[in-house]
Structures are given as C-alpha cells and as structure tokens.
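Notes follow once the structure below has been shown.
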Amino acid sequence: MNASSPGRIVLLTTSHRVAPGLLSWPAWQALHGADRVLCADGTHPQLPYLREAGIQVDESAPTAEDLVDTCAGGHTVVVVATGEGEPRLTDGLARLAGSGRVQMPDLELLPASYDLPGARLLDLVQVMDRIRAECPWSSQQTHKGLAKYGIEEAYELVEAIEEGDRDELREELGDVLLQVVFHARIAEEGRPEDGEEPFSIDDVAGGIVTKLIHRHPHVFGDETASTPEEVKEHWLRTKAVEKQRTSVTEGVPLGQPGLALAAKLASRARTAGLEVPLPQGEGVGYELLALAVRAETDGVDPEAALRVAARAYRDAIRASEG
C-alpha cells in the first residue's frame with residue numbers, strides 16, 4: 001500500500017430487477033479486495049448475501065470529505081449504492097474534484113448487476129399491483145368493464161402504425177400492454193367458488209411462450225421452413241391439432257369489424273380448400289361481402305384499404321373547408 005496514494009472509491013450499483021446475490025465477478029473481486037465496504041441502507045437487499053459471503057459491511061453514510069479521508073494512504077472503499085444511486089455523495093465528490101484543492105481518489109462506477117431485456121416489465125407489474133390495491137377507480141374495474149378500452153387501444157395502435165408515427169407507436173404499444181397487465185392483475189383475484197380459477201401475468205406469459213414454441217417447430221424443433229408460406233403451413237397444422245375444431249369458422253370473433261370478419265372467413269375457407277359460393281341477396285351488405293372476399297383473394301386487407309380511402313376522403317373534406 002502506498003502511503004502517499006489517495007486511494008480508490010468504488011460505487012457499486014445493483015439492479016433491483018435481478019435477484020439479490022447475483023453479482024458480476026468484477027463486483028465480487030472489488031468487494032473482497034476492499035479495505036472497507038459501506039452502505040447507507042441497513043435494509044439493502046444485497047447485504048445478507050454479502051455478509052454470507054464473508055464481507056463485512058458497515059452501515060454508514062459518509063460525506064464526500066469523510067470518504068476521501070478514509071481512502072487516504074492507498075485504501076480502497078466500496079460504497080454499495082442505494083436505490084437512489086447516492087446523489088448526495090456523488091455531487092459532493094464532484095464539487096471536491098472541481099475545487100482543485102483536494103487530491104482525489106480514483107473514482108470508479110461498477111455495475112454489479114444489469115437489467116436483462118424485458119426487465120422494465122417487472123416494474124410495470126409492480127406498479128399495476130399497487131394501483132389495483134390503492135386506486136379507488138382501478139380497484140373496482142372488471143374484465144367486462146375494461147373490454148371497451150382494449151378495443152379503443154387496439155384501434156389507436158393501428159392508427160399509429162398506419163400514420164408511421166414512431167413516438168405514437170411506442171406510446172400506443174404501452175397502452176395495449178397496460179390492458180394485458182391490468183386484466184391479468186384482475187384475474188389473480190379469481191373466485192374458485194364461482195368457477196373462476198385465478199391466474200397471473202406469469203401464467204399468461206407462460207401460455208404464449210409454450211404456444212409459440214409449439215407452433216414454430218422449424219425454429220425450436222426438427223422441421224424446416226425456408227419461406228413464409230411454409231411457416232404459415234406449420235402454424236396452421238399445429239393449430240389444427242391443438243384446437244381440434246369441427247369447423248374452420250370456429251375461433252373467428254364475430255364482434256370484429258364487418259370487412260375484417262368477411263375477409264377472415266374467406267381466408268379460412270380458402271386455406272381449407274373449400275369452394276363456397278357467396279350467399280346472394282339484395283343490399284349493400286352483400287355487395288360489401290363480395291368486395292371483401294375479392295380483396296382477400298387478391299392479398300389485400302379490406303379494412304386497411306378502406307381506412308386509406310377514408311383518410312383521403314377526410315383530407316378532401318378538410319381541403320373543401322378551406
């Protein structure tokens with residue numbers, strides 16, 4: 001140890017979204033090699049695991065000046081940062097360094113654990129849980145009561161996609177995700193006595209993971225697919241085995257917009273190789289049905305095509321208004 005050395009300060013940060021005790025190897029090396037390890041929060045979730053590993057942690061919140069003095073003589077001090085990131089300490093160190101009057105220790109920011117992709121979803125689940133428990137409006141909502149919002153948010157997402165607005169797209173995806181998490185949180189309160197078995201957001205995620213793996217044997221299994229058409233064939237074949245449906249129309253939601261409904265039915269019939277004559281009748285409904293089926297056959301989404309035309313009509317109306 002060099003008595004003239006100003007020493008070293010290591011600010012150790014951790015993510016609350018990663019299980020306590022799961023730290024990087026450089027973090028463990030810094031902790032074991034430190035002369036002192038400090039933490040201002042005696043309830044920090046990492047402390048039991050650090051002490052179990054034989055590391056002595058002092059519950060202390062030194063000032064910047066105190067910390068610099070502690071490092072004098074070549075000592076290394078590791079500060080286990082609290083959730084706020086120790087802004088008072090780091091601001092104080094910055095002021096001392098900027099003054100030019102103090103020989104500063106080496107300063108190192110060492111992330112001991114990192115957020116994994118999707119980590120902020122855990123925050124969303126926690127926030128939703130608190131809102132459900134404490135918000136007078138949210139605590140009273142039901143699946144049926146929220147249904148209309150799911151429809152509205154889906155339409156707003158489609159509009160953001162069609163408008164090409166990236167900021168709106170990100171926001172609307174969040175709104176749709178909120179609906180999923182909200183419904184899953186309500187479902188946790190299912191009443192088994194009424195035939196409502198509770199399930200959680202993990203059950204929802206687990207179900208779709210299982211479905212995706214099963215329906216992508218060309219990715220997770222031994223089958224191969226080199227074209228989108230082959231992928232669709234795999235999907236439809238595995239889906240048919242899963243559902244065991246007696247009609248190709250099963251699973252087509254009748255509550256969707258009319259043009260989309262007609263196109264979906266036409267797609268199911270065409271995929272199944274069924275030659276089904278269109279029903280004949282008077283009125284615009286049958287004419288729209290024929291147009292929707294023709295659009296689907298030509299690979300055109302009739303709903304999207306109509307929205308494009310409707311936006312052009314809207315612009316023409318605005319233009320005529322001056």
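The values are calculated or read from the model by the stated rules, or taken from the named source; none is laboratory data. What you see is a predicted model; the values in this text were computed from it and never measured. All Cβ positions, even for glycine, are placed from backbone atoms using ideal geometry, and neighbour counts span all protein chains on display. Calculation scope for accessible area: heavy atoms of the full protein, side chains included, ligands and nucleic acids excluded. Shrake-Rupley method; radii C 1.70, N 1.55, O 1.52, S 1.80 Å.
Selection among Leu173, Gln256, Val209 by position relative to the dipole of segment 173-313 gives Gln256 as farthest towards the positive end (Cβ unit charges, Cα centre).
About the centre of its Cα atoms, segment 1-138 shows a dipole size close to 220 debye [charges on the beta carbon of Lys, Arg (+1) and Asp, Glu (-1) only; nearest 20 debye]. Sparsely packed loop sites in segment 13-61 (the trypsin sites (Lys or Arg not before Pro) outside DSSP H, G, I, E and B with at most 16 other Cβ atoms within 10 Å) comprise Arg17. Net charge dipole, the chain: roughly 360 debye, given to the nearest 20, about the Cα centre with Cβ charges of +1 for Lys and Arg and -1 for Asp and Glu. For the chain, the spread of Cα positions along the three principal axes, ordered from largest to smallest, is 97, 58, 48 Å.
Note on the chain: dipole from Cβ charges, positive end direction compared against Ala133, Trp28, Val276; the farthest Cα belongs to Val276.
Lysine pairs in the chain whose alpha-carbon atoms fall under 24 angstrom of each other, counting only those eight or more residues apart or on distinct chains, come to 9. Checking every one of the trypsin sites (Lys or Arg not before Pro) in segment 223-257 against DSSP loop status and a limit of 15 other Cβ atoms within 10 Å picks out Arg245. A 1.4 Å probe run over the protein chains yields, for the chain, 65 Å² of accessible area per residue, whole-number rounding.
Relative to the 2.2 N^0.38 Å rule of thumb, segment 168-219 has a C-alpha radius of gyration ratio of 1.46. An ellipsoid equivalent to segment 138-210, defined through the eigenvalues of its Cα gyration tensor, has semi-axes of 28, 14, 9 Å when rounded to whole angstrom and sorted largest first. Checking every one of the GluC sites (Glu not before Pro) in segment 169-214 against DSSP loop status and a limit of 16 other Cβ atoms within 10 Å picks out Glu188, Glu189, Glu196. Within the accessible area of segment 8-105, what % is carbon and sulfur when the probe is 1.4 Å and the other protein chains stay in place? Result for segment 8-105: 50 percent of the exposed heavy-atom area is carbon or sulfur. Here segment 57-145 is treated with +1 on each Lys and Arg Cβ and -1 on each Asp and Glu Cβ, and its dipole about the Cα centre works out to around 560 debye.
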